[in-house]
Amino acid sequence: MHNHLKNELRNIISGKNQVRYGASIQAIASYLINGETTSRSIESEKQFKEQEEKRLVNYITKNGLWISDIDFSNYVSEGAEQKVYLKNSESVFKLNDGIYYKFWVDYFHSLLLHNFFFADTAYKLLGFTYENEVLYAVVQQSYVSITQVTDIENVKLFLKSNGFEIIRNNDYSNKELGIILEDLHDENVLTKDDTLYFIDTVFYLTDDFWK
């Protein structure tokens, strides 16, 4: 069963299989991977990410993905990785600069994994913007109206039932799949009517994912 799921996830990452709101994300990730001309092991990570961002900016411009009419008046909150704004009563939009990831392509892979595992709060990529000379991806997500404080023990039990074991604090690992899932504290997992909603996830693929 794990092998079947791993193959399905690999096909989603590679763009062979579809996932909710995945097409545009898969297209960008594929473009970035296909545009790599130098091994990550040869260049420094900083150099690589700089070159990767240049390719990403070229893609954004070529495909008309710049957003210039963002309404910043409905500010909700922000963390280290993103800023959150209320779009309407049903959705929010978030600006993410990919700071939690070594490379932009890893951020897009994380979005795809989130949309597979947590389709009810799937990210829809709207486009990109610059703020204070920093590149941000702009994504839309359903607004979750909480009815109770999240019990982290419920999060642990839910994830354990799906093969994710806690490794430290609010970070989890699924060794069978080769996936790490981090930062699942009670502000990133909300509870509405006794149901957990994962709204901010940080997925990483390990080398085992591809084995």
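Descriptive notes on the structure:
- For the chain, the antiparallel share of DSSP beta bridges with both residues in that region comes to about 95%.
- Taking the Cα centre of the chain as reference, the dipole from Cβ charges on Lys and Arg (+1) and Asp and Glu (-1) amounts to some 760 debye.
- About the Cα centre, charge dipole magnitude for region 152-210 (Lys/Arg +1, Asp/Glu -1 at Cβ), debye: 140
- The phi-based Karplus calculation (6.51 cos²θ - 1.76 cosθ + 1.60; θ = phi - 60°) puts the 3J(HN,Hα) values of region 187-192 at 9, 9, 10, 9, 10, 10 Hz, whole numbers, x for Gly and Pro.
- Between the listed residues LEU112, THR61, GLN82, the Cα displaced farthest toward the positive end of the dipole of region 2-142, a dipole computed from Cβ unit charges relative to the Cα centre, is found at LEU112.
- With the convex hull drawn around the C-alpha atoms of region 85-154, the volume per residue stands at 128 Å³.
- Correct choice for Rg and Dmax of the Cα atoms in Å that was computed from the model, options (1) 16.5, 47; (2) 22.7, 91; (3) 17.2, 51: (3)
Read-outs: derived from the displayed coordinates by stated rules, not from any lab. Treat the numbers as computed from the prediction; the structure is a model and nothing was measured. Every residue, glycine as well, gets a Cβ built from its backbone with ideal geometry; the counts of neighbours run over all protein chains shown.
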